[in-house]
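The values are calculated or read from the model by the stated rules, or taken from the named source; none is laboratory data. The shown structure was predicted, so the numbers you read here are calculated from the model rather than taken from an experiment. All Cβ positions, glycine included, derive from the backbone under ideal geometry; neighbour counts span all protein chains shown.
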Number of protein chains: 2
Amino acid sequence: MTPKIASFLAEQAPATPCLVVDVDQVELRYCELEAALPLSRIYYAVKANPATPILQRLVSLGSCFDAASWEEIEMCLQAGADASAISFGNTIKKVSAIRSAFAAGVTMFAFDSDEELDKLARHAPGARVYCRLLVENQGAEWPLSRKFGTSVEHARALMLRAQALGLDPYGLSFHVGSQQTDTGAYEAAIGRAAMLFTDLQAAGLDIRMVNLGGGFPTRYREDVPTIDRFADAIGRAMTRHFGNAIPEMIVEPGRFIVGDAGVVSAEVVLVSRRGLPNGAQDGKRWVYLDVGRFGGLAETEGESIKYQIRTPHDGSATGPVALAGPTCDGADILYERADYRLPLDLACGERVELLSTGAYVSTYCSTRFNGFAPIHEHYI
Amino acid sequence: MTPKIASFLAEQAPATPCLVVDVDQVELRYCELEAALPLSRIYYAVKANPATPILQRLVSLGSCFDAASWEEIEMCLQAGADASAISFGNTIKKVSAIRSAFAAGVTMFAFDSDEELDKLARHAPGARVYCRLLVENQGAEWPLSRKFGTSVEHARALMLRAQALGLDPYGLSFHVGSQQTDTGAYEAAIGRAAMLFTDLQAAGLDIRMVNLGGGFPTRYREDVPTIDRFADAIGRAMTRHFGNAIPEMIVEPGRFIVGDAGVVSAEVVLVSRRGLPNGAQDGKRWVYLDVGRFGGLAETEGESIKYQIRTPHDGSATGPVALAGPTCDGADILYERADYRLPLDLACGERVELLSTGAYVSTYCSTRFNGFAPIHEHYI
């Protein structure tokens, strides 16, 4: 938690649950990444947190933007971004969204299928397109599954078709999975992309860009490798595979830029010890917060992302807890198996903070599940 | 899909994704349940769908309401419900919510822990309280886990404490899990509750209510037992355990009342066949809709709830598909393993309907994940 957030919470005691984001911290991380990867252009993954103050700050720093929808493109434009600095990075796009984006001046689009390519050729003629490869997501705490990307063989055919359809076969992309903690994942993926890249160049395509995706991790409960270690691994792999003909490089960080800039302040609604079906008392206390999986903490699904939690009693004796949200939904459990311990003195009505919650919280939040309003947001 | 919804979709072609609910169908299900369980009072589980037209219709039918939050209580009051017809059924309540509810005239509260009991004694003095038992959720497609309810032994101690604290020890509740397809689950739970009920009466408590919870299923892909079969099982179990001294009975249906009154109309954004990492072509088509897990279809998590899907090509040749939502999130997959098949002719831009989506869709919907606006809602 940054000193600015700590002061804000202490002085304002804003209504809970709320998300407080320190926009200076966003800038710090952006500059850190820029310094670590000076050859890469940064396309901020807007979906991580599309709040206007964040977008405006990033515009002022010269960032580009990776948008998932026409609506996100509009947000970027409204925040002052130039259309030429926006990539429409979703491989699943409505025709209407492609047309709106193209009309607004966006000329860079992702795809991974024949049908999407046909849509782009028709509704964004001549646009720069890049094909997403399917790569391993091992090591990622929020992997991206089989939903996106295609094989090297298929991508090759697609890129050749892109050229034939009058599109600009700009490059290749991949995504090693979100909250990726293994630098080796980037090296393996770069090797895969490089092979195809070289092959397509040999086939006469003016291919000139590699998009390394995002996935750079934020520190939650566990230490993660520094961004310099990722940069080193990427730099080595690019040199190994491309020699001194390194193509344009793009990265699409989201979590890394905004994750540790945010803190969720929540209230303890109930601390209970209840009986088990066999009559014994449950050894675990259940701590219920006024924010849960449907109030923004969606990435606790499967206990994937494990946020650090601060309480007013830190340093005193602790005991094991299960943590859950305030709704009547049995699935609204944050952590039951992840060995969380909290102070024994923690009581109903007290405030706790969930750290590094700047990414993927405000937008996942449900509109009004169980009647609860969306999380309040403060950008300071 | 009711004829009214079919006409609405055909004539209005409303923008997708949207949820269309036939409020007459809500009334039909309410009356059906009332006829099947004439001895039970119906407390509609507001969280299933809190839309004003639904609440107003149910008020006009004499329904009571099970609310999960102060905000849901406010919605009921605004729809014309009497405070005396509202149960604050969440066992996890902020003190401020208890105070607001009590001040508004709500006098019926659930609990399952000592701390919650203390809060009720202090902030809702004299209120009718009922204790939630932990029971088996086997047979439920959306089970409720260990988050709620306590053991018979603990509940006994809690009910005696409730009396000692000046509260009215009104009854016991349980919940067999949502979309419960096994009538035996109710019988087992009633047996468990009856034992404690009788014991507490013998101990001198004026206990007089059993709350059977909800869980009555909606038909999705598979047939489910009729409501009459559940009513028979419940009636038999109540008679077996309570003889001719049957207590007040309460049910809290949500899904059963509104589930099959709703249809989600969605657009196919992309149909793709992509390559596998080994270079082979994926045998499955991927069909991407403009609605997914974060646009309201949250209950497809783990492929739990399997909606029926209608397409314009029904009746023609089909093939296996994976179904996914429109966001850049790898977790936004509806069905990958659940053996869905859709017509081979299905194409981008066409509309499909997801049936029986009246419950637990509009409220789970995220505020703006990936920039997408919440699902449009039409109550007709």
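With the structure loaded, tell me whether B:ARG274 is more than 30 Å from A:GLY330 (Cβ to Cβ) and facing chain A (nearest Cβ under 8 Å) or whether it fails that test.
Details: more than 30 Å from A:GLY330 (Cβ to Cβ): yes; facing chain A (nearest Cβ under 8 Å): yes.
Against the criterion (more than 30 Å from A:GLY330 (Cβ to Cβ) and facing chain A (nearest Cβ under 8 Å)), B:ARG274 qualifies.
Given the options B:LEU9, B:LEU55, name the one that is out of contact with any strand residue (DSSP E or B) (no Cβ under 7 Å at 6 or more places or on another chain) and within 30 Å of B:ARG351 (Cα to Cα).
Working: B:LEU9 fails: out of contact with any strand residue (DSSP E or B) (no Cβ under 7 Å at 6 or more places or on another chain).
Unique residue meeting the criteria: B:LEU55.
Suppose we filter A:GLY283, A:GLY295, A:GLY319 for residues that are over 22 Å from the mean Cα position of the chain (by Cα), assigned to a loop (DSSP other than H, G, I, E, B) and not assigned by TED's automatic domain parsing to the domain that holds A:ALA140; which single one remains? Break it down stepwise before answering.
Numbers: A:GLY295 fails: over 22 Å from the mean Cα position of the chain (by Cα); A:GLY319 fails: assigned to a loop (DSSP other than H, G, I, E, B).
From the options A:GLY283, A:GLY295, A:GLY319, the qualifying one is A:GLY283.
Can you confirm whether B:ALA35 is over 30 Å from B:ILE375 (Cα atoms) and either assigned to a helix (DSSP H, G or I) or over 22 Å from the mean Cα position of the chain (by Cα) (or both)? Explain how you work it out, then say what you get.
Working: over 30 Å from B:ILE375 (Cα atoms): yes; either assigned to a helix (DSSP H, G or I) or over 22 Å from the mean Cα position of the chain (by Cα) (or both): yes.
It is true that B:ALA35 is over 30 Å from B:ILE375 (Cα atoms) and either assigned to a helix (DSSP H, G or I) or over 22 Å from the mean Cα position of the chain (by Cα) (or both).
Can you name the condition, by its number, that A:LEU334 falls short on among (1) closer than 21 Å to B:CYS365 by Cβ; (2) surrounded by fewer than 24 Cβ atoms within 10 Å (Cβ to Cβ); (3) modelled with pLDDT of 95 or more?
Condition not satisfied by A:LEU334: (2).
So for the range A:2-18 (the condition being at pLDDT 95 or above, buried (at least 18 other Cβ atoms within 10 Å of the Cβ) and within 18 Å of the chain's Cα centre (by Cα)), does at least one residue qualify?
No: the range A:2-18 contains no residue that is at pLDDT 95 or above, buried (at least 18 other Cβ atoms within 10 Å of the Cβ) and within 18 Å of the chain's Cα centre (by Cα).
Could you grab me the full set of residues in the range B:232-273 that are closer than 30 Å to B:VAL287 by Cβ and part of a strand (DSSP E or B)? Explain how you work it out, then say what you get.
Going residue by residue through the range B:232-273, those that are closer than 30 Å to B:VAL287 by Cβ are B:254-256, B:258-273.
Passing the criteria: B:GLY262, B:VAL263, B:VAL264, B:SER265, B:ALA266, B:GLU267, B:VAL268, B:VAL269, B:LEU270, B:VAL271, B:SER272.
Looking at the range A:305-320, can you tell me whether even one residue there is facing chain B (nearest Cβ under 9 Å) and either touching a residue at least 24 places away in the same chain (Cβ under 8 Å) or over 30 Å from B:SER304 (Cα atoms) (or both)? Let's see the steps before the verdict.
Within the range A:305-320, the subset facing chain B (nearest Cβ under 9 Å) is none.
Scanning the range A:305-320 turns up no residue that is facing chain B (nearest Cβ under 9 Å) and either touching a residue at least 24 places away in the same chain (Cβ under 8 Å) or over 30 Å from B:SER304 (Cα atoms) (or both).
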